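All remarks here apply to the structure that follows.
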Amino acid sequence: VSTYIETLPKLVDKNERIHTTFNQTGTATGRLSSNDPNLQNIPARSDEGARLREGFTARKGYFLASFDYSQIELRVLASVSGDENLIDAYNNDLDLHDLTARKIFDLNSEDTVTREMRSVAKIVNFSIIYGKTPFGLSKELGITQSEAKLYIERYFGQYPKVKELESKIIEEATEKGFVETIYGRKRAIPELKSNNKQVKNSGERMAVNTVIQGSAADILKIIMVKLHKEFEGNSEIFMNLQVHDELLFEIQEDKIDFYMEKIKKIMEEGVVLPKVKLKVNGSYGKNW
């Protein structure tokens, strides 16, 4: 109530528009952050969140169109690690969370992956990027540490080159004192030189996460620049908002099909990752 319902209506301008401020240097991984108000944390998954998003509407004669990269961080991980199983999953449009669930729950091809299993596998897939320890994973999933350790071991059994990549990133970062995204943006990680084991472990997680999440953040910025150049001065379309892996546009109603196709093409083909194709989902409506 206090964060959204009472606050947001007070922040509109005379045209009933709401404006955020984006910060280029607000996050260590390189993602944009948003404040006054933060429009990147409007909830999406709950019923209340969906009702809040209904309050964000397109101007008259326009639709709001949302384009979302599908699992961009995991695709970056597949590309950077060169892991054949990950690359194969993405290039053949297989369900990665389903594949991981089969591995960590030791299922054969006839067994059914339940919704709960897929949900656990999804958390495991993303937790690898964030350098989750068995302790961290056990707390998140509400399982024992030994179970969490087994899940992680089975994950690396399925995607062995991911483990090699993590070791390589940590080794190089410890030697140099910094990590680089695939586009050469650097982040210093002094924690890697610490004598305190917890601090050092935290630095190792940061190193891996920066390469993967930081590279995904770079891709979004490169694409936003390309889209801006493409549509600059065009009153049929406006790029309104970036929410991590999602871009939100206002598009003239009678031009919607044309731009839905055009934006998807630029987002999917504007940056080429070695060995892995990027995938974008787009949808539109009168409100967010």
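The values are calculated or read from the model by the stated rules, or taken from the named source; none is laboratory data. Note that the structure is a prediction, hence the values are computed from the model and not measured. Cβ atoms come from the backbone with ideal geometry, glycine included; neighbour counts cover every protein chain shown. The protein model used for the area step is the full one, side chains on, heavy atoms only, and it has no ligands, DNA or RNA in it. Shrake-Rupley method; radii C 1.70, N 1.55, O 1.52, S 1.80 Å.
Go through the residues of segment 200-208 one by one and say whether even a single one is free of Cβ contacts under 8 Å to residues at least 24 places away in the same chain and open to solvent by 10 Å² or more (accessible area, probe 1.4 Å).
yes
Being hydrophobic (A, V, I, L, M, F, W, C) and more than 30 Å from Leu99 (Cα to Cα) narrows it down to one residue among Ala173, Ala148; which is it?
Ala173
If Gln242 meets every condition in (1) in contact (Cβ under 8 Å) with a residue 24 or more places away in the chain; (2) open to solvent by 40 Å² or more (accessible area, probe 1.4 Å) apart from one, which number is that one?
Answer for Gln242: the failing condition is (2).
Going by what's in this entry, would Asp111 be described as acidic (Asp, Glu), in contact with a strand residue (DSSP E or B) (Cβ under 8 Å, 6 or more places away or on another chain) and surrounded by fewer than 14 Cβ atoms within 10 Å (Cβ to Cβ)?
So Asp111 fails the test.
Across segment 118-157, which residue is modelled with the lowest pLDDT among those that are closer than 18 Å to Met206 by Cβ, open to solvent by less than 80 Å² (accessible area, probe 1.4 Å) and of a type outside the set (Val, Ile, Thr)?
Gly131
Regarding segment 247-269, can at least one residue be identified that is among the aliphatic types (A, V, I, L, M) and closer than 25 Å to Leu94 by Cβ?
Checking segment 247-269: at least one residue is among the aliphatic types (A, V, I, L, M) and closer than 25 Å to Leu94 by Cβ.
Evaluate segment 163-182: report whether one residue or more is within 18 Å of Phe105 (Cβ to Cβ) and in a helix (DSSP H, G or I). I'd like the intermediate steps shown before the answer.
The first filter runs over segment 163-182 and keeps only residues within 18 Å of Phe105 (Cβ to Cβ), leaving none.
Within segment 163-182, none of the residues are within 18 Å of Phe105 (Cβ to Cβ) and in a helix (DSSP H, G or I).
Consider Phe63 against the criteria (1) in a loop (DSSP other than H, G, I, E, B); (2) under 17 Å from Met239 (Cα atoms); (3) over 19 Å from the mean Cα position of the chain (by Cα): it satisfies all of them except one. Which criterion is unmet?
Checking Phe63 against (1) in a loop (DSSP other than H, G, I, E, B); (2) under 17 Å from Met239 (Cα atoms); (3) over 19 Å from the mean Cα position of the chain (by Cα), the one that fails is (1).
Residue by residue through segment 36-71, note down the ones that are at pLDDT below 95 and among the β-branched types (Val, Ile, Thr).
Ile42
Is it the case that some residue within segment 169-179 is out of contact with any helix residue (DSSP H, G or I) (no Cβ under 6 Å at 6 or more places or on another chain) and open to solvent by less than 40 Å² (accessible area, probe 1.4 Å)? Explain how you work it out, then say what you get.
Looking only at segment 169-179, we keep the residues that are out of contact with any helix residue (DSSP H, G or I) (no Cβ under 6 Å at 6 or more places or on another chain), and these are 171-172, 175-178.
Okay, now just the ones that are also open to solvent by less than 40 Å² (accessible area, probe 1.4 Å), so 177.
Within segment 169-179, one or more residues are out of contact with any helix residue (DSSP H, G or I) (no Cβ under 6 Å at 6 or more places or on another chain) and open to solvent by less than 40 Å² (accessible area, probe 1.4 Å).
Would you tally the residues in segment 180-199 being open to solvent by 80 Å² or more (accessible area, probe 1.4 Å), without any contact (Cβ under 8 Å) to a residue 12 or more places away in the chain and under 18 Å from Ala28 (Cα atoms)?
Residues flagged as open to solvent by 80 Å² or more (accessible area, probe 1.4 Å), without any contact (Cβ under 8 Å) to a residue 12 or more places away in the chain and under 18 Å from Ala28 (Cα atoms) within segment 180-199 amount to 1.
Please work out if Lys265 is on the phi > 0 side of the Ramachandran plot and not aliphatic (A, V, I, L, M).
The answer is no for Lys265.
I need a count of the residues in segment 77-114 that are at pLDDT below 95, under 24 Å from Lys277 (Cα atoms) and outside any helix (DSSP H, G or I).
Qualifying residue count for the region: 4.
Give me the pairs, please: first residue somewhere in segment 222-238 and within 13 Å of Tyr259 (Cα to Cα) and open to solvent by 40 Å² or more (accessible area, probe 1.4 Å), second residue anywhere and of a type in the set (D, E, K, R) and assigned to a helix (DSSP H, G or I), beta-carbon distance under 7 Å, and either six or more positions apart or on two chains.
These pairs meet every condition: Glu236/Lys255.
Residue under question is Asp47, and the condition is that it be surrounded by 16 or more Cβ atoms within 10 Å (Cβ to Cβ), acidic (Asp, Glu) and farther than 21 Å from Ala217 by Cα; does it hold?
Criteria not met by Asp47.
Need the failing condition index for Phe63 against (1) touching an Asp or Glu at 6+ places or on another chain (Cβ under 8 Å); (2) within 28 Å of Ile182 (Cβ to Cβ); (3) not basic (Lys, Arg), just the number.
(2)
From the list Ile256, Ile263, which one is hydrophobic (A, V, I, L, M, F, W, C), modelled with pLDDT of 95 or more and either within 25 Å of Ile182 (Cβ to Cβ) or touching a helix residue (DSSP H, G or I) at 6+ places or on another chain (Cβ under 7 Å) (or both)?
None of the others qualify; the one that does is Ile263.
Test Leu74 against the criterion of being over 30 Å from Glu180 (Cβ atoms), open to solvent by less than 40 Å² (accessible area, probe 1.4 Å), touching a Phe, Trp or Tyr at 6+ places or on another chain (Cβ under 8 Å) and not in a loop (DSSP other than H, G, I, E, B), and give yes or no.
Working: over 30 Å from Glu180 (Cβ atoms): no; open to solvent by less than 40 Å² (accessible area, probe 1.4 Å): yes; touching a Phe, Trp or Tyr at 6+ places or on another chain (Cβ under 8 Å): yes; not in a loop (DSSP other than H, G, I, E, B): yes.
So Leu74 fails the test.
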